[in-house]
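Presented below is the structure to which this report refers.
The values are calculated or read from the model by the stated rules, or taken from the named source; none is laboratory data. Here the structure is a predicted model, which is why all the values come from computation and not from measurement. Glycine also receives a Cβ, built like all others from the backbone with ideal geometry; neighbour counts cover every protein chain displayed. Side chains are part of the model used for accessible areas, which takes the heavy atoms of the whole protein and leaves out ligands, DNA and RNA. Shrake-Rupley method; radii C 1.70, N 1.55, O 1.52, S 1.80 Å.
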Amino acid sequence: MFYNDKVLEHFFDPKNIGEIPDADGVGTIGDPACGDCIKLYIKVEDRRITDIKFKVYGCPAAIGTSSITTEIAMGKTLDEAYQIDDEDVIRALGGLPDQKIHCSVLCPAALRLAILDYVSKLRQQVLEGKQAEN
Ligand code: FES
């Protein structure tokens, strides 16, 4: 099994690694089949993702696909970011070994969960009569 240079670049030097302590949305997901797990944080302003970070316990493909997913999502509207899927991730990386295709599903799923978490918090603010700030 061989990873291409782009995957290796994102594996050895992943972008947007870390946490956002005051994140507007957080998504966590794991793959029970392999035990890999991703936690992803977003900051939102004017319905756009203005910051995004992730922590991952996983294989090189999980790290590489998470890194590129955060690069794709940065600056996107929430609607655009919600549409990012495994095919976008694989295309941006220039491909993945067949045995690692499934790894590309995790981070887009964590991103969707983070967006849903943000929307859920916004909804709660509205229900409580608070002014939405984002
Ligand atoms: Fe589990 Fe790659 S083997 S995400």
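Things to note:
- Within region 1-59, the set of residues being under 15 Å from Ile72 (Cα atoms), free of Cβ contacts under 8 Å to residues at least 40 places away in the same chain and either within 16 Å of the ligand (Cβ to nearest atom) or open to solvent by 70 Å² or more (accessible area, probe 1.4 Å) (or both) comprises just one member, Arg48.
- Some residue of region 82-100 being open to solvent by 20 Å² or more (accessible area, probe 1.4 Å), touching a helix residue (DSSP H, G or I) at 6+ places or on another chain (Cβ under 7 Å) and under 16 Å from Cys34 (Cα atoms): yes
- Residues that are within 20 Å of Tyr41 (Cβ to Cβ) and free of Cβ contacts under 8 Å to residues at least 12 places away in the same chain, drawn from region 80-110: Glu80, Gln83
- Of the strands (runs of 3 or more DSSP E) lying entirely inside region 1-60, those containing at least 2 residues that are more than 14 Å from Pro108 (Cα to Cα) are 37-45, 48-57.
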